[in-house]
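All of the numbers you see were taken from the coordinates with simple rules; none came from a lab. Every value quoted in this text rests on a predicted model; they were computed, and no experiment measured them. Cβ sites come from the backbone with ideal geometry, for glycine too, and all protein chains shown count toward neighbours.
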Amino acid sequence: MTDEQRVRVRLVGVGSSYSSMFPADPPDDHEDPVGIAVHDQAAFERVERMLCHWDRPHRRSYHWMITLDEHEPARALSRRCQQLLPAEGLDLVPPESLHLTVRRLGYVDEVPVPTLRAAARDVGEHCRGIEPFRLKLIPLAGSPGAVRFSVAPWSPLLGVYRAVSTASGYADIDPLRMYRPHVGIAYSNRVQSPEEIIRAVRRARELTPVEVTITELRLVELTRADHHYTWHVLERFPTTGNC
């Protein structure tokens, strides 16, 4: 076994890029932007090794997602932060690909069409009953596999997470146990020391957070190729507050 393989084995399952659960514990107050940011940043400061994000297995899948490609404040902040990051070792997320994943519904080859339609109907009803909500994107933290914005507050996202979990047929619907909202802006493309990346992330914390208003959830079919995620939007669910 090579040194690189030993690193991967040691980190799998403990908040690595192979797990969506980073940090392993939620913040004390999931409504407080400052507390959330400090919590995320402290966890990233403790990372001992960056992993290759793309080493994770991938299959075409259905995801519940909030896309940020139409939010210019998010795009502008991502570009400013990306300019501070090292030129090597990271694959930058293009502005048109910025997104906040809520949850995977399932793999394309495992979800029957009637199940997909029923889930979309249920989530659509939920979204019609909630108002548009604002999120703050806070620079900058990361995980062993990515550099990312912290997101606050969590409460509206936790409600959406519960709804899509129920519609997707999952029983494990405790969001604080399963979900860490974030927006990735760069992916680690190799096993590497985190020191230079952490220094760049610290500099980005001087930038001012931005707010975006979320008016829509999307159901997408997600795939990846050439160190890049792409998706096809299957349905859009406006948050209209009409119910």
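Structure notes:
- Taking the Cα atoms of the chain, the ratio Rg/Rh between the radius of gyration and the Kirkwood radius comes to 0.95.
- Gain on full stretching of the segment that runs from Asp28 to Arg60 - 0.36 nm per residue minus C-alpha separation: 8.0 nm
- Per-pair calculated FRET efficiency, R0 = 51 Å: Arg121 and Arg202 via Cβ, rounded to 0.05: 0.65
- If you take all other residues with their beta carbon under 13 Å from the beta carbon of Asp122, and give Lys and Arg +1 and Asp and Glu -1, the sum is +2.
- Subtracting the Cα-Cα distance of Met178 and Arg128 from 0.36 nm times their residue separation leaves 15.5 nm of extension gain.
- Tilt relative to the chain, helix 113-128 - C-alpha long axis, 0 to 90 degrees, to 10: 90
- Available extension along the chain between Thr240 and Arg46 is 65.7 nm, counting 0.36 nm per residue and deducting the alpha carbon span.
- The mean sequence distance of close C-alpha pairs (under 8 Å, at least 6 residues apart), as a share of the length of the range 23-108, puts its relative contact order at 36 percent.
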